[in-house]
1. Which condition number in (1) surrounded by fewer than 17 Cβ atoms within 10 Å (Cβ to Cβ); (2) under 23 Å from residue 171 (Cβ atoms) is the one that residue 65 fails?
2. What number goes with the only condition from (1) more than 11 Å from the chain's Cα centre (by Cα); (2) surrounded by fewer than 19 Cβ atoms within 10 Å (Cβ to Cβ) that residue 90 does not pass?
3. Output the qualifying pairs, or none if there are none: Cβ atoms under 6 angstrom, residues six or more apart or on different chains, first residue in the range 37-62 and on the phi > 0 side of the Ramachandran plot and surrounded by fewer than 17 Cβ atoms within 10 Å (Cβ to Cβ), second residue at pLDDT 95 or above and assigned to a helix (DSSP H, G or I).
4. State whether one or more residues within the range 99-108 are in a helix (DSSP H, G or I), under 14 Å from the mean Cα position of the chain (by Cα) and modelled with pLDDT of 95 or more.
5. Name the single residue, out of those in the range 173-184 being farther than 14 Å from residue 111 by Cβ and without any contact (Cβ under 8 Å) to a residue 24 or more places away in the chain, that is surrounded by the most Cβ atoms within 10 Å (Cβ to Cβ).
6. Would you tally the residues in the range 142-177 being more than 18 Å from the chain's Cα centre (by Cα) and at pLDDT below 75?
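The values are calculated or read from the model by the stated rules, or taken from the named source; none is laboratory data. Values in this document were obtained by computation on a predicted structure and should not be read as measured data. A quick note on method: Cβ atoms are made from the backbone with ideal geometry, for glycine too, and the neighbour counts reach across all protein chains shown.
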């Protein structure tokens, strides 16, 4: 919901970084650092070290935003890079809830985590297929003027909202199950929204 609003802000903040030595790194290397940070955050959550978990998670999100900025600034944008970025994000979005579930290890949290990951699966499949159909009909990212490798229809929960939900869950582990239930409901609404949009736009 907020990604289109936050993207210009993110670009303004990260563009100066692309002019430093960081900008000489290959975008895939930066994406890999972001993935490693997310996995490390999940391990920290498993070991019940919330401050470290939040710090690593946010560092990984900065790297996730920086890889695209570096790719565009250095002329190294590629479909493979976009694919790896999407896959690495998906892994990160899975390991964080699992890390928290292992750390808390309560039945209620495990159930909430399973439901949340189920909604992630539904949303990812619908989003991926809709993006493929948009590209097939030449209505994808190039036609829409989006800087991403594939067109991403807007929804209630996007990257910005995911960062907020995950940060809260990592910081306030006593409320993790509740946060997951709220997020799962929002992600389900997002998937339904996108399916309704696609049924009208791609008719």
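1. So residue 65 meets the others, but not (1).
2. With (1) more than 11 Å from the chain's Cα centre (by Cα); (2) surrounded by fewer than 19 Cβ atoms within 10 Å (Cβ to Cβ) applied to residue 90, the lone miss is (1).
3. Close Cβ pairs (under 6 Å, with a partner that is at pLDDT 95 or above and assigned to a helix (DSSP H, G or I)) amount to 48/103.
4. Within the range 99-108 (the criterion being in a helix (DSSP H, G or I), under 14 Å from the mean Cα position of the chain (by Cα) and modelled with pLDDT of 95 or more), the answer is no, since none of the residues qualifies.
5. Among those that are farther than 14 Å from residue 111 by Cβ and without any contact (Cβ under 8 Å) to a residue 24 or more places away in the chain, it is 182.
6. Here the count works out to 4.
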